[in-house]
1. Run down Thr60, Thr38 and say which single residue is open to solvent by less than 50 Å² (accessible area, probe 1.4 Å), in contact with a strand residue (DSSP E or B) (Cβ under 6 Å, 6 or more places away or on another chain) and either among the basic types (Lys, Arg) or without any contact (Cβ under 8 Å) to a residue 60 or more places away in the chain (or both).
2. Within the range 63-88, track down each residue that is among the hydrophobic types (A, V, I, L, M, F, W, C) and either outside any loop (DSSP other than H, G, I, E, B) or free of Cβ contacts under 8 Å to residues at least 40 places away in the same chain (or both).
3. Scan the range 35-53 and give yes if some residue there is part of a helix (DSSP H, G or I) and touching a helix residue (DSSP H, G or I) at 6+ places or on another chain (Cβ under 7 Å), otherwise no.
4. Which residues, counting only those in the range 39-84, are acidic (Asp, Glu) and under 16 Å from Glu28 (Cβ atoms)?
5. For residues that are free of Cβ contacts under 8 Å to residues at least 40 places away in the same chain and charged (D, E, K, R), scanning just the range 3-26, find the one that is least open to solvent (accessible area, probe 1.4 Å).
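The values are calculated or read from the model by the stated rules, or taken from the named source; none is laboratory data. Here the structure is a predicted model, which means the values were calculated and not measured. For neighbour counting, all protein chains shown are included, and Cβ atoms are generated from backbone atoms with ideal geometry for every residue, glycine included. Surface areas here come from the heavy atoms of the whole protein model, side chains and all, with no ligands, DNA or RNA. Shrake-Rupley method; radii C 1.70, N 1.55, O 1.52, S 1.80 Å.
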Amino acid sequence: MDESRDGQIEKLARGIIGLLLDKNESFEIVIVPGDNETLIRARTMSAMSASKLTGDKGRTAQSIRTIVAAAGTKLGHRYKFEVEGFRS
């Protein structure tokens, strides 16, 4: 795992998610490294936060996936993004 590369993608994802959620909504980013690709998982602490990140018909999440994948391509590695909602 390339710490510098993963750190850059994590910072990008945090910046995007931070702008989409309200200040009092918390989330965490989990990086799951793999052989050929790395998964960036956004864990939200509420169902409302998850729905904000998913967006209408999944368009917001797809847009984040596109940005993360494009940035990863520039860095020479494949990244995927997913939203994990709140589970009680």
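1. Among Thr60, Thr38, only Thr38 is open to solvent by less than 50 Å² (accessible area, probe 1.4 Å), in contact with a strand residue (DSSP E or B) (Cβ under 6 Å, 6 or more places away or on another chain) and either among the basic types (Lys, Arg) or without any contact (Cβ under 8 Å) to a residue 60 or more places away in the chain (or both).
2. Within the range 63-88, Ile64, Ile67, Val68, Ala69, Ala70, Ala71, Leu75, Phe81, Val83 meet the criteria.
3. Going residue by residue through the range 35-53, those that are part of a helix (DSSP H, G or I) are 47-53.
With touching a helix residue (DSSP H, G or I) at 6+ places or on another chain (Cβ under 7 Å) added as a condition, the list becomes 52-53.
Among the residues of the range 35-53, at least one is part of a helix (DSSP H, G or I) and touching a helix residue (DSSP H, G or I) at 6+ places or on another chain (Cβ under 7 Å), which makes the answer yes.
4. Pass one, the range 39-84, residues acidic (Asp, Glu): 56, 82, 84.
Correct list: Glu82, Glu84.
5. In the first step, residues of the range 3-26 are kept if they are free of Cβ contacts under 8 Å to residues at least 40 places away in the same chain; the result is 3-4, 6-7, 10-11, 14-15, 18-19, 21-26.
Going one step further and asking which of them are charged (D, E, K, R), we end up with 3, 6, 10-11, 14, 22-23, 25.
Working: Glu3: 125, Asp6: 6, Glu10: 49, Lys11: 158, Arg14: 94, Asp22: 83, Lys23: 208, Glu25: 32 Å².
Only one residue tops the list, namely Asp6.
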